[in-house]
Amino acid sequence: MLTFDKLYSQGHEEVVFFSDPSCNLKAIIAIHDTTLGPALGGTRMWPYKSEDEAIEDVLRLSRGMTYKAAVSGLNLGGGKAVIIGDPERDKSEALFRSYGQYLESLNGRYITAEDVNIGVEDIEHVFTETNNVTGVAKMHGGSGNPSPYTAHGVFRGMEASCQKVFGSRSLKNKVVALQGAGSVGRYLGERLHKEGAKIFLSDISEKNIELFREVAPGVELVGVDEIYDVDCDIYAPCALGATVNDQTIGRLKSKIVCGAANNQLAEDRHGDELKERNILYAPDYLINAGGLMNVSIEFEGWSEDKATRMVDTIYNTTLKIYKIADEQNIPVYQATDILAESRIESIKKIKGHYLGNLGHRFPGRKKR
Ligand code: NAD
């Protein structure tokens with residue numbers, strides 16, 4: 001159940017319910033923290049079993065977006081939206097346009113994008129009604145598919161992790177156990193192949209494995225459960241969350257865990273255990289922020305150059321986080337939260353400065 005106690009304890013600013021029975025729209029938007037800028041996060045469509053389940057999901061995901069934007073150096077806050085419904089049955093032009101009209105009423109405090117079960121074509125309908133949307137098609141001035149940028153960021157994270165563990169950022173001759181040959185996995189595989197890494201791959205989709213082979217010939221296939229036993233330098237989870245868990249952690253032989261998946265640690269204690277086992281854990285929500293960085297520049301005019309340069313910063317930020325973890329002798333996941341929280345806190349303080357322009361702050365009054 002949604003209570004103010006819950007919102008206070010997790011720091012959410014606002015939760016909005018949008019309903020339109022004419023098109024069966026049931027949407028919940030959670031704005032977590034807008035200290036750094038407007039809240040940006042995707043809209044997810046899912047047949048939630050209950051409204052409570054949808055509320056829990058949107059609160060958790062929106063908070064995650066605040067941390068992701070903060071640690072990535074973006075001037076954005078955290079937000080997320082869920083639409084309760086079956087994507088196969090309930091999608092319609094009217095539903096997304098109605099949703100877009102409601103988004104417009106938030107006056108830019110929340111900006112949306114694609115997420116699970118929401119594609120570019122759905123976003124185009126939202127875009128008909130509001131500008132507060134990113135991830136629109138390139139032909140409409142958008143940034144298109146975020147996956148290549150996510151993969152580029154994961155690659156930079158791998159380089160930073162190799163620098164820390166092996167003293168060189170090169171991936172040449174490194175052995176990578178890659179789980180997932182989907183949109184991100186394929187771009188990442190292509191890059192690793194070009195750099196001269198050896199790849200072991202697992203996936204449940206024959207089609208995606210074949211597509212992967214086209215960009216990274218020489219890849220060696222392993223079973224879906226065998227990926228955890230591969231003798232490798234890097235385990236790269238690019239399919240599902242929570243794959244570092246009680247069943248897998250003792251089997252990992254890698255020195256680094258670095259991949260695109262969200263929430264790779266089943267629980268925080270698995271991050272502590274990776275540290276004890278001397279396995280370096282690349283901070284997942286920074287490493288996979290390339291897609292978010294890419295959409296974030298749509299408003300100022302997207303260019304491939306700008307997007308790539310921004311994603312390149314993941315290399316230095318990752319090393320900064322490793323330094324904090326070493327200096328404070330804490331696990332990487334804690335160091336990542338510390339960096340995100342300290343940026344929000346420091347910006348909150350400077351916002352308290354009086355800027356001497358009353359006219360600007362109160363547009364109805366003229367400054368004499
Ligand atoms: P995707 O759906 O295109 O690919 C996922 C792949 O994983 C598919 O090929 C699927 O067959 C495979 N898979 C599913 N279960 C598997 C299993 N048990 N073992 C091995 N493979 C399995 O997704 P994506 O866009 O490539 O994203 C990959 C991960 O990265 C996801 O967890 C996603 O949330 C995260 N992520 C993606 C982006 C992005 O820009 N696409 C951004 C941030 C985070």
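The values are calculated or read from the model by the stated rules, or taken from the named source; none is laboratory data. What you see is a predicted model; the values in this text were computed from it and never measured. Because the Cβ atoms are built from the backbone with ideal geometry, glycine has one as well, and the counts that use them run over all protein chains shown.
Structure notes:
- Qualifying residue in the stretch 218-228 (condition: farther than 20 Å from E190 by Cα and small (G, A, S)): yes
- Positions within the stretch 250-284 being among the charged types (D, E, K, R), more than 16 Å from Y322 (Cα to Cα) and within 16 Å of the ligand (Cβ to nearest atom), in sequence order: R251
- Among (1) part of a helix (DSSP H, G or I); (2) within 13 Å of the ligand (Cβ to nearest atom) - the single one A177 does not satisfy: (1)
- Flag for N263 being closer than 23 Å to V224 by Cα and polar (S, T, N, Q): yes
- Some residue of the stretch 40-50 being of a type in the set (S, T, N, Q) and surrounded by 17 or more Cβ atoms within 10 Å (Cβ to Cβ): yes
- Search result, residues across the stretch 1-36 that are surrounded by fewer than 18 Cβ atoms within 10 Å (Cβ to Cβ) and among the small types (G, A, S): S9, G11, S19, S22
- Hits in the stretch 326-341 (condition: within 18 Å of E273 (Cβ to Cβ) and of a type in the set (G, A, S)): A335
- Among the residues of the stretch 180-194, those identified as in contact (Cβ under 8 Å) with a residue 40 or more places away in the chain and either more than 8 Å from the ligand (Cβ to nearest atom) or not assigned by TED's automatic domain parsing to the domain that holds G259 (or both) are Y187, L188, R191.
- Take the conditions (1) touching a helix residue (DSSP H, G or I) at 6+ places or on another chain (Cβ under 7 Å); (2) within 8 Å of the ligand (Cβ to nearest atom); I287 misses just one of them, which is (2).
Each row is one residue, and each column tells you yes or no for (1) closer than 22 Å to N173 by Cβ; (2) within 10 Å of the ligand (Cβ to nearest atom).
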| residue | (1), (2) |
| --- | --- |
| D231 | yes, no |
| Y235 | yes, no |
| G241 | no, yes |
| T248 | no, no |
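- Residue list for the stretch 121-154, filter: crowded, with 21+ Cβ neighbours inside 10 Å, part of a helix (DSSP H, G or I) and either among the polar types (S, T, N, Q) or more than 13 Å from the ligand (Cβ to nearest atom) (or both): D122, I123, V126, F127, T150
- For the stretch 202-226, filtering for residues that are assigned to a loop (DSSP other than H, G, I, E, B) and within 12 Å of the ligand (Cβ to nearest atom) leaves 7.
- Of all residues making up the stretch 17-60, the number that are without any contact (Cβ under 8 Å) to a residue 40 or more places away in the chain and over 21 Å from E93 (Cβ atoms): 10
- Where strands (runs of 3 or more DSSP E) fall wholly inside the stretch 1-72, the ranges with 2 or more residues that are more than 19 Å from E114 (Cα to Cα) and not hydroxyl-bearing (S, T, Y) are 14-20.
- One residue from G153, G108, G79 being modelled with pLDDT of 95 or more and on the phi > 0 side of the Ramachandran plot: G108
- Residue count for the stretch 233-259, restricted to those that are at pLDDT 95 or above, closer than 12 Å to S202 by Cβ and surrounded by fewer than 22 Cβ atoms within 10 Å (Cβ to Cβ): 0
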